[in-house]
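A short worksheet on the structure shown next.
The values are calculated or read from the model by the stated rules, or taken from the named source; none is laboratory data. Not measured: the values here are computed from a predicted model. Cβ sites come from the backbone with ideal geometry, for glycine too, and all protein chains shown count toward neighbours. Ligands, DNA and RNA are excluded from the accessible area calculation, which covers all protein heavy atoms including side chains. Shrake-Rupley method; radii C 1.70, N 1.55, O 1.52, S 1.80 Å.
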Amino acid sequence: MSHPGESIVAVRGLRRSFGSTKAVDGLSFDVSRGEIFGLVGPDGAGKTTVMRILAGVLTADSGSVEVAGCDVRRYPESVKSHISYMPQRFGLYENLSIDENIAFYAGLFGVSRRQREEVAARLLALTGLSRFRSRLAGKLSGGMKQKLALICALIHEPQLVLLDEPTTGVDPISRGELWHLLYELQAQAVTLLIATAYLEEAERCNELALIHQGRLLACDKPEHLKRRMAGEVLRLVTPDPRSARDYLAAAEGVRNCVLIGDGIRLVVDNAELRMPELRSLMLQTELRFSSFEQVSPTIEDLFVAGAAGLLQGAPQ
Amino acid sequence: MTPGNGEDAGAIRVEGLTKRFRSFTAVDNVTLLVRRGEVLGLLGPNGAGKSTLIRMLCGIMRPTAGCVHVAGINVVEHAEAVRQHLGYVSQKFSLYDDLTAAENLRLFGGLYGLGGQALVARVQWALAISGLDGKGDVLTRDLGGGLRRRLALGCAMLHRPPILILDEPTSGIDPMLRRQFWELIHQFAAEGVTALVSTHYLDEADYCNRLALMSAGRLVALGTPHELRYAAARGDLVRVECDAPVRAAEMLKAVPGVHDVAIFGNALHVSITNMEPEAALRASLEARGIACMSIEAIEPSLEDVFAQRLGSDSREEPAD
């Protein structure tokens, strides 16, 4: 059924304002079938607005949106059987059991009893919730509620799942478990579009759209984005980060210098050229340092570079 | 210890601290010294005991055993006295949306017992550090996420507390504003303020001088981010770019010498010991017909460290 490479979501020139606020300001991107696609940006970047437009629950001011072959602006209802939308606060019924919640959502989507039992059994096993089936949703931990919400959202076997900040407030261990689950779903040919404000997590996606103030900064695979950043990142570990910054921030070739807890991160034009220069600058001072090395840019580095117009065009 | 010599003994001194709720031990014999001017990150999954520890530091909850000194005050004996010395910034800080920035500051200043010229001066100061100079009349609800967090920080610092407690202070904010926020925290720290940061966000952890990892009520690791990244690795960590990552991950878990495999987008992070990764991993993958594009050693991220240190702990899931 799945056709790798073919796009399941195509967004062109999307705009949506609320009063004088341009929540989404001319956004275009494609999501390929079978991938985990991250809409990445801080709170207020427009991620939720995009999600809601894709789900057909909010209309765009202009632009086109095609999801699973449906023109969402024209036929917002027809898209709903192909997709699932899991908003930040998914409505679970706390006084219903796991099984009852699943049955409720299956009914809502018109899922047959046979399909419900088959899909629920598979997803309950996958999430490790099988033995809690009769437990009330209100008695589940945060991580378990998240998993139940995901099962409810998947009960009609959608081709595309829209997840709006599924890991906000979720601790790193549960987050790891959730991602494991998402990769399992991906292996079953489900396409996942995930909005997140958590930049470190973005590296787990196959493809990223970095969004800032309703606009696209860049869209690419995380490893390609890293190669597109103008400049390279160095990390100096020192007991005295503030002095280190005072010494090095204005040195030749240093574009950016950020204090971190146990040192500084520097963006330089050319690591190979600047490292020996910076090292000899430090040796002229009393500054002690335990490590000085080139590190891979973080998504935060890419985001800052993108907002400053320092992400180069696609490689090749 | 008597009040007054807190500087030498550390701004926050926790010894053998324990809190039990019936049969459940939320905090289990924790000993921790936070230096004056230090930014300490407190990390751990839900239920690890972070919130309980912080409540005991603030004098809101009495420990079952052990002692806590904050800014030289014995918190167990003088729970009320410690509050004047604390500032608190939460992710959901209770700023009043329908008040202006200046009104919020005056309100919180009043609650901390400031008045007259002293209050006027501190409100001016707080507006300046919040980046709201001359914008005191803006309604709080009209401020963006980054400015709200800085205003919350301004509110918390109005009464010049020597100790600042921050709960996920910069989650979800614009990266540029996040850097400015941490710049401020480090500036306060340089002036002698001690900050305790509780967070789930490992990219916030990088801004802390030292990190304390908690699990099941215990302190399981303590060190600078750099120390933790290097010391934690039970073996080496390699990044493997290959086809079919989900299938490849399952398969590599069974390879001798492989501790753990996590999928990261288009690649795998494989933690290994005592093996030649290039040859062994490539051979295993290719034997199953999975093409392997590259294998390279990488530095563990704090997320990798966290998973390694805590991932194997079995735990029930109580709400924190």
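Set the Cα radius of gyration of the stretch B:234-299 against 2.2 N^0.38 Å, with N its number of residues, and you get 0.94. The apolar share of the surface of the stretch A:109-206, taken as the fraction of accessible area on carbon and sulfur atoms (1.4 Å probe, ligands and nucleic acids excluded), comes to 47 percent.
Which of the GluC sites (Glu not before Pro) found in the stretch A:1-96 are loop residues per DSSP with 14 or fewer other Cβ atoms within 10 Å of their Cβ? Counting only loop positions with at most 14 other Cβ atoms within 10 Å, the GluC sites (Glu not before Pro) in the stretch A:1-96 are A:E6, A:E77, A:E94. Computed from backbone phi, the HN-Hα couplings of the stretch B:68-81 come to 10, 10, 10, 6, x, 9, 6, 5, 5, 7, 10, 4, 5, 5 Hz, rounded to whole numbers (Karplus: 6.51 cos²θ - 1.76 cosθ + 1.60, θ = phi - 60°; Gly and Pro given as x).
By the rule of a C-alpha distance below 19 Å, with chain neighbours fewer than 8 residues away ignored, the lysines paired with B:K19 are B:K50.
Heavy-atom accessible surface of the protein assembly as shown, averaged per residue, reaches 42 Å², computed with a 1.4 Å probe. The overall shape of the protein assembly as shown is rounded: from the C-alpha gyration tensor, with semi-axes ordered a ≥ b ≥ c, the ratio a/c is less than 1.5.
For the stretch A:228-306, which GluC sites (Glu not before Pro) are both in a DSSP coil and crowded by at most 12 other Cβ atoms within 10 Å?
A:E252, A:E286
Here's the list of aspartates and glutamates a cross-link from A:K145 could span, going by alpha-carbon distance under 14 Å and ignoring same-chain residues fewer than 8 apart: A:E94, A:D99, A:E100, A:D171, A:E177, B:E317. By definition, a body whose alpha carbon gyration tensor gives a ≥ b ≥ c is prolate when a/c is 1.5 or more and a/b is larger than b/c, and chain B fits this prolate description. Three semi-axes describe the equivalent ellipsoid of chain A; taken as square roots of 5 times the Cα gyration tensor eigenvalues and ordered largest first, they are 42, 24, 16 Å. Annotation note: trypsin sites (Lys or Arg not before Pro) in the stretch A:1-99 located in DSSP loop regions with a Cβ neighbour count of at most 13 within 10 Å are A:R74, A:R89.
Per residue, chain B reaches -10000 deg cm²/dmol at 222 nm when only DSSP H runs of four or more residues are counted, each adding -39500 (n - 2.57). Angle between the Cα long axis of helix A:113-127 and the longest principal axis of chain A, 0 to 90 degrees, nearest 10? Long axis of A:113-127 versus the principal axis of chain A: about 30 degrees.
With all protein chains present, how much of the accessible area of the stretch B:234-299 (probe radius 1.4 Å) comes from carbon and sulfur, to the nearest whole percent?
Heavy-atom surface of the stretch B:234-299 belonging to carbon and sulfur, 1.4 Å probe: 50 percent.
Here the calculated FRET efficiency for A:Q188 and B:S294, from their Cβ-Cβ distance with R0 = 25 Å, stands at 0.40, rounded to the nearest 0.05.
Axis of helix A:98-108 versus longest Cα principal axis of chain A: the two differ by about 70°, to the nearest ten degrees.
Solvent-accessible surface, computed for protein heavy atoms with a probe of 1.4 Å, shrinks by 30 Å² or more for the following residues of the stretch A:148-185 when the other protein chains are added to the isolated chain: A:G169, A:D171, A:P172, A:I173, A:R175, A:H180, A:Y183. Shown is the FRET efficiency for A:T59 and B:E250, computed with R0 = 35 Å from the Cβ-Cβ distance and rounded to the nearest 0.05: 0.20.
Compute the angle between helix B:277-287 and the longest alpha-carbon principal axis of chain B, please, reported from 0 to 90 degrees and rounded to the nearest 10. Compared with the principal axis, the helix lies near 60 degrees.
Report the B-A buried area as the accessible area lost on both sides summed, probe 1.4 Å, in Å² to the nearest 100. Counting protein atoms only, the buried area is about 4000 Å².
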